[in-house]
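What follows is a short report on a single structure.
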Amino acid sequence: MAAINFIQQVSKARNGLGSFVLPCKKILITYCDFGGSSVGMRDFLRSRLKGFASQYPEIEFQVLEKPGFHPVIKGFYTNEKSKQICCRKWNADVIENKLKLLINSTGSKLKKPKQNVISLNSSVRGIWSPFHVDPSQRYKI
Amino acid sequence: MLSRICGVGFKTGFRSSFIKAYTLQSRNTIFRSLHSSHFAHNQEHLDAERSRPLKESNSPNSEKINEAVQIPDLTPLKYEQNLYATINIHNRPFLVTKGDIIILPFRMKHADIGDALQFTDITTVGSRNYTYHVKEGLPSDAVTIKGIILEKTKKPMYVKEITKKRNRRTRHVQVKHDLTKIRITELKLNV
């Protein structure tokens with residue numbers, strides 16, 4: 001009995017088809033307790049962070065004190081990439097908007113899209129072939 | 001005003017048209033249960049949304065006109081394996097199959113990522129051998145096309161040179177346009 005040769009295939013991940021997994025899995029917030037550039041960040045951490053983080057239960061929020069440095073927010077994504085934004089001298093509103101920017105991203109590098117529709121499926125109507133054209137429409141030399 | 005763009009630009013009329021291409025449906029998954037946005041996600045609010053005059057103004061694709069059209073016999077299409085559809089988002093056509101990603105050149109303000117959308121402005125549904133095409137838009141109960149917002153990113157930053165002919169002064173503007181990526185999760189005939 002001949003062995004069946006199979007072509008191994010890896011499943012192609014299409015987020016959203018079955019279930020949607022939020023690409024941003026962790027956000028690391030670093031701040032300084034003394035520095036003036038961290039004033040807005042401290043205000044955000046005191047008053048806004050708890051409410052904001054409760055809106056995104058899938059994301060792990062880690063707050064780290066890093067004395068002597070500007071406040072930074074860093075997002076970690078499922079494609080093993082990270083994105084960081086320095087929040088020096090920004091107020092709590094701006095920091096919240098930048099956090100939303102991190103959450104809305106997948107972590108991949110910014111690309112200019114060549115096509116508006118990206119598809120893994122082959123074309124439904126098929127590629128045109130001159131041999132499969134109706135005889136009345138054939139090209140006559 | 002002449003502007004030499006160092007990349008591809010997009011017409012400004014795009015964003016000004018009414019949002020009539022899609023209606024919103026919330027995904028009542030654990031993911032969205034704690035989310036409280038300015039846009040309510042419950043069904044009553046969505047029905048109220050649909051009846052707002054803004055969406056059903058003199059557009060040729062309003063639901064009233066669509067419901068009056070008879071759906072023809074779609075059984076040949078029904079037995080086909082692969083289907084495609086041409087949906088219009090703000091009157092821009094996108095030829096789409098299930099599982100595709102659409103990249104829209106704007107930031108969708110009314111929905112967050114993970115939210116489900118249903119597309120109502122559909123021009124064509126077809127397969128390899130059959131096509132169902134209505135220029136004004138298919139009847140709303142013929143096909144169901146749903147999507148989910150994957151991501152809201154931006155294009156890479158480029159510098160746009162704004163100048164006029166025979167004027168040496170050139171103004172440089174940094175431009176970073178928005179993008180919204182939507183995955184088509186469902187494309188099926190309701191026949």
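A short reminder: the numbers here are calculations on the coordinates, not readings from a lab. All of these numbers come straight from a predicted model, not from anything done at the bench. Cβ coordinates were reconstructed from backbone atoms using ideal geometry, including for glycine residues, and neighbour counts include every protein chain displayed.
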Open item on the list: Name the residue from A:Q84, A:P67, A:S38 whose Cα lies farthest towards the positive end of the charge dipole of region A:22-104, charges +1 on Cβ of Lys and Arg and -1 on Cβ of Asp and Glu.
Closed with: A:Q84
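If you restrict to DSSP beta bridges whose two residues both lie in chain A, what percentage is antiparallel, to the nearest 5? Don't skip to the answer; put the middle values down first.
On the way: 11 of 17 bridges.
Roughly 65 percent of the beta bridges in chain A run antiparallel, per DSSP.
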- [ ] Note down the magnitude of the dipole of chain A about its Cα centre, charges +1 on Lys and Arg C-beta and -1 on Asp and Glu C-beta and zero elsewhere, to the nearest 20 debye.
- [x] 500
TODO: For chain A, set up a Gaussian network in which alpha carbons nearer than 10 Å are linked by springs, and say which option among A:Y77, A:Y56, A:Y31 fluctuates the most.
DONE: A:Y56
Task: Expected 222 nm ellipticity per residue - DSSP helices of 4 or more, -39500 (n - 2.57), all of chain A, to 500 - done: -5500 deg cm²/dmol
Task: Inter-chain Cβ neighbour average for residues A:110-122, partner chain, 10 Å - done: 6
Open item on the list: Between A:K100, A:K111, A:K26, where does the largest GNM mean-square fluctuation fall for chain A, given springs only between Cα atoms within less than 10 Å?
Closed with: A:K111
- [ ] Shielding by partners for B:84-92, please: the mean number of other protein chain Cβ atoms within 10 Å of each residue's Cβ.
- [x] 1
Open item on the list: Distance cut-off 26 Å, Cα to Cα: go down the list A:K81/B:K160; A:K25/A:K50; A:K12/A:K114; A:K98/B:K160; A:K50/A:K74; B:K146/B:K176 and report the pairs above it.
Closed with: A:K81/B:K160; B:K146/B:K176
Task: Taking only Cα atoms of region B:75-189, radius of gyration then Dmax in Å - done: 18.9, 65
TODO: Whole Å is fine, so just give me how far the alpha carbon centre of region A:44-112 lies from that of region B:143-172.
DONE: 25
Task: chain A: most fluctuating residue of A:R48, A:R125, A:R88 per GNM, C-alpha cutoff 10 Å - done: A:R125
TODO: Could you tell me what fraction of 2.2 N^0.38 Å the Cα radius of gyration of region B:127-191 comes to, as a two-decimal ratio?
DONE: 2.01
TODO: Return one number: the angle in degrees, 0 to 90 and rounded to the nearest 10, between the long axis of the Cα atoms of helix A:92-103 and the longest principal axis of the Cα atoms of chain A.
DONE: 30
- [ ] Compute from the Cα atoms of region A:22-104 the Rg and the Dmax, the latter being the longest Cα-Cα distance, and quote both in angstrom.
- [x] 11.9, 35
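Considering every residue in A:37-43, what mean count of other chain Cβ atoms within 10 Å of its Cβ is obtained?
Counting other chains' Cβ atoms within 10 Å and averaging over A:37-43 gives 0.
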Task: Cα-centred dipole magnitude for region B:80-128, charges only on beta-carbon of K, R (+1) and D, E (-1), debye, nearest 20 - done: 140
Task: Positive-end residue, region B:75-189 charge dipole about Cα centroid, Cβ charges, pick of B:V159, B:P139, B:T185 - done: B:V159
Task: Whole-Hz couplings from phi, Karplus 6.51/-1.76/1.60, listed for region B:142-150; x for Gly and Pro - done: 7, 10, 10, 10, 10, x, 9, 7, 8
